[in-house]
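Contents: one structure, followed by commentary.
The values are calculated or read from the model by the stated rules, or taken from the named source; none is laboratory data. Since the structure is predicted, the reported quantities are computational estimates derived from the model, not experimental observations. Methodologically, a virtual Cβ is constructed for each residue, glycine included, from the backbone with ideal geometry; neighbour enumeration extends over all protein chains shown.
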Amino acid sequence: MYHLTFRLAQFPTVYNVLEVIVEGSGPLLSILYPERGATLKSDKPTVTVSYIIADDETGIKSLKWAIGFDTSPESWHGLPPGRTNVPVTVTLGPLSQGLNIVRMEVENNAGLKTEARVGVYFSSDYYENHKNNPALGIVKEGVRAFLGRNLIDDQDHSLPPNDVATIIELLLTSLDIGALLPNPVAESGPYRVELSNLSYGKPTVNMWLNEGGMVVRIAIPNFKVKVSAIGECNFIIDWCPDVSGWVSSSNIYAVTDVLIWMDENGKIHAKSQEVKVNLYGLKVDIDGILGDLLGWLIDILVKTFTKTIEEAIEQQIVDLIDKTLTDLLGKFEIHETFEIPAILSSPPTALSLYTKPSMLDVQPEGIWLDMGGTIYSKKGVNRNPLGSIARANCLNPKPQFFEMPRNRDIGLAAHNDILNQALFALWWTGTLNFTLNEETLAGVDMSKVPVEDLDVKLNFLLPPMLTDCGAEGKVRLQIGDLFAEGTMIFLGNNLELTLFLQAEVDANLTLVEGEEGPEVALSIDGTPLLDIELLTVNEDFPVSKEDLIELLEGDLIASLLKDLAGKELFSFAIPKVDLSSLANEIPEGTELDIVFTNLYREGGFTVAQGYLR
């Protein structure tokens, strides 16, 4: 503060003193809470902000706040300056699900302003990352599936198998029905009747879904078995000669109802009910002239043999159908680890997927299956957020309804919370904290960016996240409190800086073909919303902080993001259904061959649909 005295030269006693305040640093403003990189959880969409303001030179003129990227005059709200030099607490809101930039601006009586902001994530719920107990991070109904009736029986039973009916046919072909037949099959007087050399044609299977299960119809053609009547008469000579022949059936038909249900532990069961087996066109052909004399043998074979064969086939069919269906549907309980390829300079990293069925509904059109799911990883960051953010119905009290469509053979849907768990798990490993330089950006066109010798270290205080809240049909990628520290030659001048970045950009989820099958890829598009807070800049850089922020947002970051638009940032594979593990008869590596043709968004889900090839 300065005091200037003005006197009249001719009348020195006439004077006035003018007090002049020279303010160079501006007022003090510091947000004490929430901290950088905070994750907030509450039933109310508000945040309690603790701050401190001070200006011992000119005093505080005004204080205001805003939330979000919008900094237009209409977005700011006034606050009474209140006390200075002591922490003050105020509740601000409303917050939205996802990234919120909490801004405060103070102005002193000299007209100088200071702004502070912090990026926070907000939701009414989060999912913890539990590597040792992944069930604790389960997203209920996080994965949903529709398995159309063509998966059960598409009427095309060519190999390799691509439906349940073809698998059952393949397994029936290798059944050893003869091993279940008693030998001898019957005895009468001095004769015992034995069976051997059993054979039959290629079985055919038809399957139909109904409410709560399915109907299975099996036809086994050209059934044939050799029969031998071995006689032993204890006389001087054997008056009971051995005879042989064949018993055949033109067709054996078996029909059964199969109940399919899920128990309270999420395990799916299939249980065949009463199996009706009928032999049609039964013939008994005894060799030689003795055959005409052994009518009693034919009677035994017709009565005893028919019942024995029916019981043997019934036992085999029940075991085969129940086990195959139970094992196949059990494959939707997944616990596997998969690798995410390298992102720029970061090494490949491993994420783990765990799903467990939670709802099963079998109808004539298909099978609806809901699963709880979670994606998790090993910790590699020095951060402790509340967890992976939940969509939380976009903070609306009324739940949003989503029903799996039934207009394709196969439909798979993943909730936003599962996708964000994938991003969280990727960030949790530390793989996103890498260095941007000419080597890591080798695939990016830098010719239009006025930068040389780029060397910037990135430290994500928060994981990237996806949200569709507030933008119907659109998904946005948000990044909160990204800390960057680096050096570069910018506009021909040496630049050393540290900054915090908040960003939001439209995101695309698309189907791509990976090395081992279909994958869902994440890319960005459109003009990003950016907020840069410069912390430090080398003093000899010949541009003001305000102008430098505009240059960084427009010439550097926006240009980099524009070149990345449409390019795959990372992708994750759609889990496969391995059929070869169902039985040894199925060739190794046989998988359910699904061609995904459609991917869309609805009700917080990303839905992939396709057909069986």
Selected residue [of a type in the set (Lys, Arg) and farther than 17 Å from Ile532 by Cα] from Lys457, Lys474: Lys474
Tell me, please, whether a residue that is touching a residue at least 40 places away in the same chain (Cβ under 8 Å), outside the structural domain of Ile67 (by TED's automatic domain parsing) and charged (D, E, K, R) can be found in segment 530-538. yes
Selected residue (criterion: farthest from Val120 (Cα to Cα)) from residues of segment 51-89 that are surrounded by 14 or more Cβ atoms within 10 Å (Cβ to Cβ) and among the small types (Gly, Ala, Ser): Gly59
Pair list, Cβ under 6 Å, 6 or more apart: segment 489-500 residue part of a loop (DSSP other than H, G, I, E, B), other residue not hydrophobic (A, V, I, L, M, F, W, C): Leu491/Pro450
Identify, please: which residue in segment 108-128 is crowded, with 23+ Cβ neighbours inside 10 Å and touching a helix residue (DSSP H, G or I) at 6+ places or on another chain (Cβ under 6 Å) and is, among those, farthest from Ala66 (Cα to Cα)? Tyr127
Take the conditions within 26 Å of Val318 (Cα to Cα) and in a strand (DSSP E or B) and apply them to Leu175. Does it pass? no
What are the pairs with Cβ atoms under 9 angstrom where one residue, in segment 345-368, is free of Cβ contacts under 8 Å to residues at least 40 places away in the same chain and the other, located anywhere, is small (Gly, Ala, Ser) and assigned to a strand (DSSP E or B)? Sequence gap at least six, or different chains. none
Complete set of residues in segment 396-429 that are touching a residue at least 40 places away in the same chain (Cβ under 8 Å) and acidic (Asp, Glu): Asp409, Asp417
Within segment 529-570, count every residue that is more than 19 Å from Gly486 (Cα to Cα), of a type outside the set (A, V, I, L, M) and either surrounded by fewer than 14 Cβ atoms within 10 Å (Cβ to Cβ) or modelled with pLDDT of 80 or more (or both). 2
Single residue of segment 326-363 satisfying the filter (outside any helix (DSSP H, G or I) and β-branched (Val, Ile, Thr)) that is farthest from Glu519 (Cα to Cα): Val362
Out of all the residues in segment 58-80, is one or more basic (Lys, Arg), touching a residue at least 40 places away in the same chain (Cβ under 8 Å) and touching a strand residue (DSSP E or B) at 6+ places or on another chain (Cβ under 6 Å)? yes
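Conditions (1) in a strand (DSSP E or B); (2) more than 23 Å from Gly119 (Cβ to Cβ); (3) out of contact with any Cys (no Cβ under 6 Å at 6 or more places or on another chain), marked per residue:
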site	(1), (2), (3)
Ser447	no, yes, yes
Lys457	yes, no, yes
Cys469	no, no, no
Leu482	yes, no, yes
Leu529	yes, no, yes
Leu534	yes, no, yes
Between a first residue in segment 145-163 that is farther than 26 Å from Val607 by Cα and a second residue that is outside any loop (DSSP other than H, G, I, E, B), which pairs have beta carbons less than 6 Å apart while being 6 or more apart in sequence or on different chains? His157/Thr166; His157/Glu169
When Ile152 is evaluated against the numbered criteria (1) touching a helix residue (DSSP H, G or I) at 6+ places or on another chain (Cβ under 8 Å); (2) surrounded by fewer than 16 Cβ atoms within 10 Å (Cβ to Cβ), which criterion, by number, is the only one it fails? (2)
Considering Val193, Val216, which residue is more than 22 Å from Val255 (Cα to Cα) and buried (at least 19 other Cβ atoms within 10 Å of the Cβ)? Val193
Failed criterion for Pro587 (all others in (1) assigned to a strand (DSSP E or B); (2) over 20 Å from the mean Cα position of the chain (by Cα); (3) surrounded by fewer than 15 Cβ atoms within 10 Å (Cβ to Cβ) hold): (1)
Within segment 318-362, the residues that are among the aliphatic types (A, V, I, L, M) and over 17 Å from the mean Cα position of the chain (by Cα) are Val318, Leu320, Ile321, Leu325, Leu328, Leu329, Ala342, Ile343, Leu344, Met359, Leu360, Val362
Picked from segment 571-584 (must be among the aliphatic types (A, V, I, L, M) and not in a loop (DSSP other than H, G, I, E, B)), the residue surrounded by the most Cβ atoms within 10 Å (Cβ to Cβ) is Leu582
Condition test on Glu438, is it exposed (fewer than 13 other Cβ atoms within 10 Å of the Cβ), over 27 Å from Glu35 (Cα atoms) and at pLDDT below 90? no
I'd like to verify a number: residues in segment 441-480 that are closer than 21 Å to Tyr126 by Cα, of a type outside the set (Lys, Arg) and at pLDDT 90 or above, how many? 15
Which of the residues spanning segment 94-107 are under 26 Å from Val505 (Cα atoms) and either in contact (Cβ under 8 Å) with a residue 60 or more places away in the chain or surrounded by 16 or more Cβ atoms within 10 Å (Cβ to Cβ) (or both)? Leu95, Ser96, Gln97, Gly98, Leu99, Asn100, Ile101, Val102, Arg103, Met104, Glu105
What pairs come up if the first residue lies in segment 254-281 and is outside the structural domain of Glu314 (by TED's automatic domain parsing) and surrounded by fewer than 16 Cβ atoms within 10 Å (Cβ to Cβ), the second is in a strand (DSSP E or B) and acidic (Asp, Glu), and their beta carbons are under 8 Å apart, counting only those six or more places apart or on different chains? none
Residues of segment 257-282 being under 17 Å from Asp327 (Cβ atoms) and in a strand (DSSP E or B), in sequence order, are Val258, Leu259, Ile260, Trp261, Met262, Ile268, His269, Ala270, Lys271, Ser272
Residue satisfying condition, being part of a strand (DSSP E or B), outside the structural domain of Ser72 (by TED's automatic domain parsing) and either of a type in the set (A, V, I, L, M, F, W, C) or within 29 Å of Pro347 (Cα to Cα) (or both), within set Leu552, Leu599: Leu599
Which of the residues spanning segment 568-584 are among the polar types (S, T, N, Q), within 25 Å of Leu351 (Cα to Cα) and more than 16 Å from the chain's Cα centre (by Cα)? Ser580, Ser581
